[in-house]
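Just below is one structure, and these are the notes that go with it.
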Amino acid sequence: MESLDLNSPTTLAAIAAVAALIVIGIIIGLLRGRKKQELPLEPPPRPPEALAEDRPKITVEAEPEPTQPLQLEDLVPPPPKARAIGEPEARVTPPPAPPADLGAFRSGLKSTRGNLISRLAGVFRRDRELDTSVLDEVEEVLITADVGVHATQRILEALRTQMNDGQLSSADDAWEAIREEARSILASSGQGLAIDQTPTVILVVGVNGVGKTTTIGKLASRFDRQGKTLLLGAGDTFRAAAVTQLEVWGRRVGCEVVKGKDRADPGSVIFDAIEKAKGDGVDIVIADTAGRLHTKVPLMDELKKLGRTVEKALGRPADHVLLVLDATTGQNAIQQAQLFKDALPLSGIVLTKLDGTAKGGVILGIVDQHQVPIEFIGVGERVEDLKAFSAEAFLEALFESPETLEPSEDAAGAS
Ligand SMILES: Nc1nc2c(ncn2[C@@H]2O[C@H](COP(=O)(O)OP(=O)(O)O)[C@@H](O)[C@H]2O)c(=O)[nH]1
Ligand SMILES: [Mg+2]
């Protein structure tokens, strides 16, 4: 094998070429190293704890939270005002059902609102300071709106107590106090008539023209719609027209009317009616009675006697004695109630002709003074115009209509 000659030009050239290659290699290596330092370094491997610590941050960056669908309004229902028109309201609980027949109460109490509530709104003007002079004006409005002395004093007492306790600082407080007192006066009204005996006997009393016979017709129709069988007793034997009127209602409802001969004793007619109802298994007997002027003492004697006759026929007193009062007579209705109450144990009152009278406040007076509940109201002459009394509907119709809470021009002028 030939030995390497270090002095030969070929060998020297080869060595120089290798050295050049090495130098170029080193330079390229250095350049690469610098570039690598400028690039972000890969994160060094971490212990598992460290990774767990940082995870939420990394998750947020990697998966930004969805913006729209999961915002606050998904958790909290929007306030009603924020709703677009026509958009259904999101509610957690269903709204309370409006009291039955609110519309009928509203239209029946329209004039009373004008007379009572608008005038009160005149007293509670927004800028008015509530002092004792307010109480005098409230008293005048209540008395002249036929609320009656007794109920008026009761409402004033509630206002005075709250005023002295410093709880009456705004008109809203005063409205609330009056409404609360009215609610408490009416608490026992509108419970309805229990029909749990066969027959259940309802005696209808009241002076002439208040609406007894009409109310009996409307009541019969109401019970008929509830599937009850009925029998009417024509106890107003003093007027032939009254018997005919009841017969017309009997035909309309499709129930029998028991009547006596002309000028028959009312007691005997009602006795016969109860006997017949017992024999026929009829559910309800409604008995009409005479209503000559209450100032004639004999009528009250006659009613007492009638009460005893019912008891003899039935074996117990009449199940219900309904006194019919005409709302348009105002204070007079309160006095009538006293006379009838002295003659018979009244179980309930029907207040007719609330439509078209501004004296609806008399309801409070009657109930408060006599402690007899209102069970029905008449708001017109049609059969459907007899409404079961509801204290809630009455209060809402009377107090809650916004236009009535602003003083009317009349009211402002009157106060
Ligand atoms: N506007 C109105 N009229 C009524 C109401 N109830 C009864 N009436 C009318 O009052 C009048 C006397 O009624 P009536 O039943 O004969 O009275 P009664 O003498 O007590 O039997 C009739 O013209 C009835 O139509 C009512 O709620 N509203
Ligand atoms: Mg009559």
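Take Lys387 and tell me if it is part of a strand (DSSP E or B), of a type in the set (Lys, Arg) and within 18 Å of Lys212 (Cβ to Cβ).
yes
Go over the candidates Gly217, Gly206 one by one and state the one that is in contact (Cβ under 8 Å) with a residue 60 or more places away in the chain and on the phi > 0 side of the Ramachandran plot.
One residue alone meets the criteria, Gly206.
Please state which one of Thr328, Thr289 is within 30 Å of Gly365 (Cα to Cα), outside any loop (DSSP other than H, G, I, E, B) and among the hydroxyl-bearing types (Ser, Thr, Tyr).
Only one candidate qualifies: Thr328.
Hey, does region 143-158 have a residue that's of a type in the set (Val, Ile, Thr) and within 28 Å of Asp283 (Cα to Cα)?
no
Among Ala318, Ala313, which is the only one that is touching a residue at least 60 places away in the same chain (Cβ under 8 Å) and in contact with a helix residue (DSSP H, G or I) (Cβ under 8 Å, 6 or more places away or on another chain)?
Ala318
In region 262-277, which residue that is touching a helix residue (DSSP H, G or I) at 6+ places or on another chain (Cβ under 8 Å) and under 21 Å from Ala194 (Cβ atoms) is nearest to ligand 2 (Cβ to nearest atom)?
It comes out as Ile270.
Using the structure shown, decide if Arg292 is open to solvent by 40 Å² or more (accessible area, probe 1.4 Å), within 14 Å of Asp236 (Cβ to Cβ) and touching a helix residue (DSSP H, G or I) at 6+ places or on another chain (Cβ under 6 Å).
When the stated conditions are applied, Arg292 passes them.
Can you name the residue in region 300-320 that is away from ligand 2 (no atom under 16 Å from the Cβ) and of a type in the set (A, V, I, L, M) and is also surrounded by the fewest Cβ atoms within 10 Å (Cβ to Cβ) among such residues?
My answer is Met300.
Anything in region 194-207 that is under 26 Å from Ile334 (Cα atoms), open to solvent by less than 30 Å² (accessible area, probe 1.4 Å) and at pLDDT 95 or above? List them, or say none.
Answer for region 194-207, where residues must be under 26 Å from Ile334 (Cα atoms), open to solvent by less than 30 Å² (accessible area, probe 1.4 Å) and at pLDDT 95 or above: Val201, Ile202, Leu203, Val204, Val205, Gly206.
Please determine, by comparing only the residues of region 380-401 that are more than 20 Å from Gln226 (Cβ to Cβ), within 16 Å of ligand 1 (Cβ to nearest atom) and of a type outside the set (Gly, Ala, Ser), which one is least open to solvent (accessible area, probe 1.4 Å).
Phe394
What's the total number of residues in region 238-270 that are within 13 Å of ligand 1 (Cβ to nearest atom) and touching a residue at least 40 places away in the same chain (Cβ under 8 Å)?
Qualifying residue count for the region: 4.
Here's the yes/no breakdown for (1) buried (at least 16 other Cβ atoms within 10 Å of the Cβ); (2) more than 25 Å from Thr328 (Cβ to Cβ); (3) modelled with pLDDT under 95:
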site	(1), (2), (3)
Gly86	no, yes, yes
Leu116	yes, no, yes
Thr161	no, yes, no
Ala187	no, yes, no
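Starting from residues that are open to solvent by 10 Å² or more (accessible area, probe 1.4 Å) and in a loop (DSSP other than H, G, I, E, B), keep the ones in region 208-231 and report whichever is farthest from ligand 1 (Cβ to nearest atom).
Among them, the one singled out is Gly227.
Being surrounded by fewer than 18 Cβ atoms within 10 Å (Cβ to Cβ) and β-branched (Val, Ile, Thr) is the requirement here; does Thr152 meet it?
It is false that Thr152 is surrounded by fewer than 18 Cβ atoms within 10 Å (Cβ to Cβ) and β-branched (Val, Ile, Thr).
For region 278-299, which residues satisfy the criterion of being more than 16 Å from ligand 2 (Cβ to nearest atom) and at pLDDT 90 or above?
Lys278, Gly279, Asp280, Gly281, Val282, Asp283, Ile284, Val285, listed by residue number.
Can you report the number of residues in region 232-261 which are within 13 Å of ligand 2 (Cβ to nearest atom), open to solvent by 10 Å² or more (accessible area, probe 1.4 Å), among the hydrophobic types (A, V, I, L, M, F, W, C) and part of a loop (DSSP other than H, G, I, E, B)?
1
The values are calculated or read from the model by the stated rules, or taken from the named source; none is laboratory data. Note that the structure is predicted; figures quoted are calculated from it, not measured. When we count neighbours, we look across all protein chains shown, and the Cβ atoms used for this are built from the backbone with ideal geometry, even at glycine. Surface areas here come from the heavy atoms of the whole protein model, side chains and all, with no ligands, DNA or RNA. Shrake-Rupley method; radii C 1.70, N 1.55, O 1.52, S 1.80 Å.
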